[in-house]
1. Restricting to region 20-52, give me the number of residues that are part of a loop (DSSP other than H, G, I, E, B), touching a helix residue (DSSP H, G or I) at 6+ places or on another chain (Cβ under 7 Å) and either at pLDDT below 95 or closer than 22 Å to residue 149 by Cβ (or both).
2. Could you tell me which residue of region 60-77 is surrounded by the most Cβ atoms within 10 Å (Cβ to Cβ), considering only residues that are touching a residue at least 24 places away in the same chain (Cβ under 8 Å) and assigned to a loop (DSSP other than H, G, I, E, B)?
3. If you go through region 7-46, how many residues are crowded, with 19+ Cβ neighbours inside 10 Å and either under 14 Å from residue 163 (Cβ atoms) or without any contact (Cβ under 8 Å) to a residue 12 or more places away in the chain (or both)?
4. Please go through region 13-37 and pick out each residue that is touching a strand residue (DSSP E or B) at 6+ places or on another chain (Cβ under 7 Å) and farther than 18 Å from residue 98 by Cα.
5. Checking the condition without any contact (Cβ under 8 Å) to a residue 60 or more places away in the chain and either touching a helix residue (DSSP H, G or I) at 6+ places or on another chain (Cβ under 7 Å) or not in a helix (DSSP H, G or I) (or both), which residue from 112, 97, 57 passes?
6. Among (1) outside any helix (DSSP H, G or I); (2) over 26 Å from residue 34 (Cβ atoms), where does residue 80 come up short?
7. Check 148, 144 and return the single one that is over 24 Å from residue 65 (Cα atoms) and in a loop (DSSP other than H, G, I, E, B).
8. Any idea which of 103, 135, 121, 117 is exposed (fewer than 12 other Cβ atoms within 10 Å of the Cβ), at pLDDT 95 or above and in contact with a helix residue (DSSP H, G or I) (Cβ under 8 Å, 6 or more places away or on another chain)?
């Protein structure tokens, strides 16, 4: 199993997308990149820990490559707006890739450079893998357990629709 660590706004949204991909065996919502040890959701929401809401993806590289995860990541969130995804504003919602090794760093750098060469003003942060803190149990598999919750019902279906339209070949088959 390989691992990837991405932040692209609310972890409920990002988690819901990546759970649909073949080769992805587990997605854990959590916090990374800040200075507070074992932060709580309440501390993250206050915005003073500098942690981002992130997802830890465990995947089988024989079924899905890191580059394909990057394709989905950049297509299903806004990597051009600093510290904001839709109505969610703050450093905890920043676009960030925490790389596990030099290969991930190189691939992410090349991907970001290519997007910038295409004229996109990418603000995605790229940083070495920090300590990852799993979020509280209530945040794990949130959309799957709460599809009718107001925020989920508003924000996640458009992301899943984009995933289906652009990446059907990468999705799990029922």
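The values are calculated or read from the model by the stated rules, or taken from the named source; none is laboratory data. Since the structure is predicted, the reported quantities are computational estimates derived from the model, not experimental observations. Backbone-built Cβ (ideal geometry, glycine too); neighbour counts: all protein chains shown.
1. Let us first name the residues in region 20-52 that are part of a loop (DSSP other than H, G, I, E, B), namely 20, 22-23, 33-40, 47-51.
Now narrow it down to the ones that are touching a helix residue (DSSP H, G or I) at 6+ places or on another chain (Cβ under 7 Å): 20, 22, 36, 47, 49-51.
Those left that are additionally either at pLDDT below 95 or closer than 22 Å to residue 149 by Cβ (or both): 20, 47.
So the answer is 2.
2. Step one: of region 60-77, the residues touching a residue at least 24 places away in the same chain (Cβ under 8 Å) are 60-64, 66-77.
After this cut, where a residue has to be assigned to a loop (DSSP other than H, G, I, E, B) as well, the list is 60-64, 76-77.
Numbers: 60: 12, 61: 12, 62: 8, 63: 14, 64: 20, 76: 21, 77: 24.
The qualifying residue surrounded by the most Cβ atoms within 10 Å (Cβ to Cβ) is 77.
3. Matching residues across region 7-46 total 10.
4. Applying the first criterion (touching a strand residue (DSSP E or B) at 6+ places or on another chain (Cβ under 7 Å)) to region 13-37 yields 14-15, 18-33.
The answer is 19, 20, 21, 22, 23, 25.
5. Numbers: 112 fails: either touching a helix residue (DSSP H, G or I) at 6+ places or on another chain (Cβ under 7 Å) or not in a helix (DSSP H, G or I) (or both); 97 fails: without any contact (Cβ under 8 Å) to a residue 60 or more places away in the chain.
Within the list 112, 97, 57, the selection yields 57.
6. Of everything listed in (1) outside any helix (DSSP H, G or I); (2) over 26 Å from residue 34 (Cβ atoms), residue 80 misses just condition (2).
7. Working: 144 fails: in a loop (DSSP other than H, G, I, E, B).
After ruling out the rest, the residue left standing is 148.
8. On the way: 135 fails: exposed (fewer than 12 other Cβ atoms within 10 Å of the Cβ); 121 fails: in contact with a helix residue (DSSP H, G or I) (Cβ under 8 Å, 6 or more places away or on another chain); 117 fails: in contact with a helix residue (DSSP H, G or I) (Cβ under 8 Å, 6 or more places away or on another chain).
Answer to the check: 103.
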